[in-house]
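Chemist: Before we start, here is the structure in question, set down as structure tokens.
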Amino acid sequence: MRKLIAEYLSEPILALILFMGGMVAIAIAIIGKNQRSYLDEILAGIGFFIGAFMIFIGVSIYEKSEWEQSSTLLIFIGLGLSLFFRVFKKIRWASLISLIAGGVLGIVLYVISKSFAILVLTPMVILIIILFVIFLVYIVLRVLERVIDFFGGVISFRPILFFIGLLAIAESVMIFFGHPIQSFLTVD
């Protein structure tokens, strides 16, 4: 599926996607946290979906072996990550996933104990195993959540977001003219 998408992406479409992402990033960076309007939250939501799309397209471009414009790819993935993590870092998902994992494990252990008549798996033993797994999964995912929160805070910092947005707009204009930034950085 990704290879099909990468085959149909031409340079003007990539430039347009970069331009839109850059404009959203600059708008988010300029508006910031405004208590009187919901425009910042709307832009963050739009940026989340544009960022996820840019990451998807960036990965599919990376898998396409003949792509030679590494500057466009880096800007594409960098802007996508900064727009995506602007919203994703606020989601607390460690406790939810650990509770789901514990619930699924409890159901599986209960069904196994009833199906195979395992006497060791009493409801108290199953409960202790579930609590241990919930605790263990929560600790591991909480550490990962903190790392993502830190990374998301750094990469979606408003001055960095503004700079990446300007870089994306400059790259998109350069692509329209047929000379991306990479062409100026290479020595022939």
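The values are calculated or read from the model by the stated rules, or taken from the named source; none is laboratory data. Note that the structure is a prediction, hence the values are computed from the model and not measured. Note that each Cβ is placed from the backbone with ideal geometry, even for glycine, and that neighbours are counted across all protein chains shown.
Chemist: Collect the residues in the stretch 8-63 that are assigned to a loop (DSSP other than H, G, I, E, B) and surrounded by 15 or more Cβ atoms within 10 Å (Cβ to Cβ), keeping them in residue-number order.
Modeler: 9
Chemist: Restricting the first residue to the stretch 69-81 and requiring it to be among the β-branched types (Val, Ile, Thr), which pairs with a second residue that is part of a helix (DSSP H, G or I) meet a Cβ separation below 6 Å and a spacing of at least six or different chains?
Modeler: Here the result reads 72/171; 75/167; 75/168; 75/171; 77/58, each pair linking the stretch 69-81 to a residue that is part of a helix (DSSP H, G or I).
A quick yes/no check of all residues on (1) farther than 30 Å from residue 40 by Cβ; (2) part of a helix (DSSP H, G or I); (3) among the hydrophobic types (A, V, I, L, M, F, W, C):
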{"position": "83", "(1), (2), (3)": "no, yes, yes"}
{"position": "86", "(1), (2), (3)": "no, yes, no"}
{"position": "126", "(1), (2), (3)": "yes, yes, yes"}
{"position": "136", "(1), (2), (3)": "yes, yes, yes"}
{"position": "152", "(1), (2), (3)": "no, yes, no"}
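Chemist: Check off (1) outside the structural domain of residue 45 (by TED's automatic domain parsing); (2) in contact with a helix residue (DSSP H, G or I) (Cβ under 9 Å, 6 or more places away or on another chain) for residue 114 and give me the number that stays unchecked.
Modeler: Result: residue 114 fails condition (2) only.
Chemist: Among the listed residues 91, 107, 118, which satisfies the condition of being of a type in the set (Val, Ile, Thr) and either in contact (Cβ under 8 Å) with a residue 12 or more places away in the chain or assigned to a helix (DSSP H, G or I) (or both)?
Modeler: The unique qualifying residue is 107.
Chemist: Another question about this same structure. Find all pairs meeting these conditions: Cβ atoms under 7 angstrom apart; at least six residues apart or on different chains; first residue within the stretch 145-158 and farther than 12 Å from residue 81 by Cα; second residue among the hydrophobic types (A, V, I, L, M, F, W, C).
Modeler: Sorted first by the residue in the stretch 145-158, then by its partner, the pairs are 145/93; 145/94; 158/29.
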